[in-house]
Amino acid sequence: MLITCPYCGPRDVIEFTYQGDGNRERPQPASQNLDAWNAYVYDRLNPAGDHNEIWQHSGGCRAHLRVVRNTLTHEVLSTAFARGGHKTESRS
Amino acid sequence: MAEHQLPERQSPLEPEYHPGSHGNFEHGVDVILSETRPGSILQLAAWAGEEKRLIEVVRKVTGLALPDGAGGGVGNGARAAFGFAPGKFTVVDEAEGLAQAFAGAITPAIGTLTDLSHGRTAIRIAGPKAEWVMAKFFAIDFALPAFPLGAGRSTNHHDIFAQIQRSGADQFDIYVFRSFARSFWKALCHASEEVGYEVQ
Ligand SMILES: [Zn+2]
């Protein structure tokens with residue numbers, strides 16, 4: 001599996017670290033909304049298909065990336081820097 | 001200025017650094033390995049949006065025209081610079097004291113300067129089989145069109161992080177953590193045995 005880092009270009013997956021589901025919305029640090037925190041920590045879509053994910057190019061430029069990966073085929077559909085803060089759009 | 005000189009550095013490679021020809025060199029030496037021991041190795045980082053100002057500071061302080069773009073780099077023999085991550089650059093000088101030269105120029109509004117002169121070890125591999133040996137170590141494309149002269153790459157070899165700059169058509173400079181440098185060096189020597197190597 002290759003992930004194309006926006007800075008480094010295509011690299012083997014071994015250079016990357018999975019940082020989790022990219023669909024999560026972290027509540028404000030002061031939030032006492034337990035449902036929101038519960039959803040942030042536990043609720044996952046677990047789709048069989050395109051999935052928004054956060055990866056870090058930990059063995060390369062160390063940038064955090066938004067990656068859309070198909071969980072059935074491992075096809076990587078898009079990559080972008082995460083620093084913009086915007087979610088990557090899925091194909092669907 | 002002698003009182004301001006840094007203590008003399010010892011090479012972490014020293015116990016395993018054996019000048020001379022090694023491996024299968026009966027038909028010639030196809031790579032030359034050496035430690036370049038630059039006096040200054042700096043890491044510069046620009047805040048988001050300040051990259052061009054930092055590149056301008058590098059030009060003013062070192063005279064190096066750093067190309068703007070992912071992994072862009074340049075060298076003139078004595079000094080070298082290359083991008084290794086978004087907004088981040090490695091700048092190297094044969095001489096000590098480059099951090100002092102940058103200190104007033106990189107203002108807090110532009111970014112940061114980290115002096116890694118004592119934290120990194122610089123290893124050079126040169127020769128007709130340099131690309132071949134490097135390709136055994138790192139899963140990146142070392143062909144000249146994909147990895148142009150002066151360009152930099154961040155990658156790793158068995159979890160030993162490495163920054164690589166192409167400093168010649170058949171020459172690469174590899175920057176590794178000092179604490180891992182001897183292990184990396186030994187592995188590089190083993191990898192070079194099949195083509196015949198000389199340590200200079
Ligand atoms: Zn990268």
* Structure fact -> Subset of region B:63-101, residues in contact with a His (Cβ under 9 Å, 6 or more places away or on another chain) and in contact (Cβ under 8 Å) with a residue 12 or more places away in the chain, comes to B:A85, B:G97
* To do: Filter region B:72-123 down to residues that are surrounded by fewer than 18 Cβ atoms within 10 Å (Cβ to Cβ) and closer than 27 Å to B:E198 by Cα and give me whichever is nearest to the other protein chains (Cβ to nearest Cβ).
  => B:G119
* To do: Can you give me the number of residues within region B:37-62 that are in contact with a strand residue (DSSP E or B) (Cβ under 7 Å, 6 or more places away or on another chain), under 18 Å from B:E96 (Cβ atoms), touching a residue at least 40 places away in the same chain (Cβ under 8 Å) and buried (at least 18 other Cβ atoms within 10 Å of the Cβ)?
  => 6
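Go through A:Q19, A:Q56, A:Q32, A:Q28 for me and flag whichever is among the polar types (S, T, N, Q) and within 14 Å of chain B (Cβ to nearest Cβ).
Matching residue, one of A:Q19, A:Q56, A:Q32, A:Q28: A:Q56.
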* Criterion: open to solvent by 80 Å² or more (accessible area, probe 1.4 Å) and either within 14 Å of another protein chain (Cβ to nearest Cβ) or under 28 Å from B:A45 (Cα atoms) (or both) - qualifying residue of A:R83, A:R44 -> A:R83
* Asked: Can you find even one residue in region B:157-169 that is among the charged types (D, E, K, R), open to solvent by less than 70 Å² (accessible area, probe 1.4 Å) and more than 14 Å from chain A (Cβ to nearest Cβ)?
  -> yes
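The values are calculated or read from the model by the stated rules, or taken from the named source; none is laboratory data. On a predicted model such as this, the values are computed, not experimentally measured, just so you know. Neighbour counts run over all protein chains shown; Cβ positions are idealised from the backbone, glycine included. Ligands, DNA and RNA are excluded from the accessible area calculation, which covers all protein heavy atoms including side chains. Shrake-Rupley method; radii C 1.70, N 1.55, O 1.52, S 1.80 Å.
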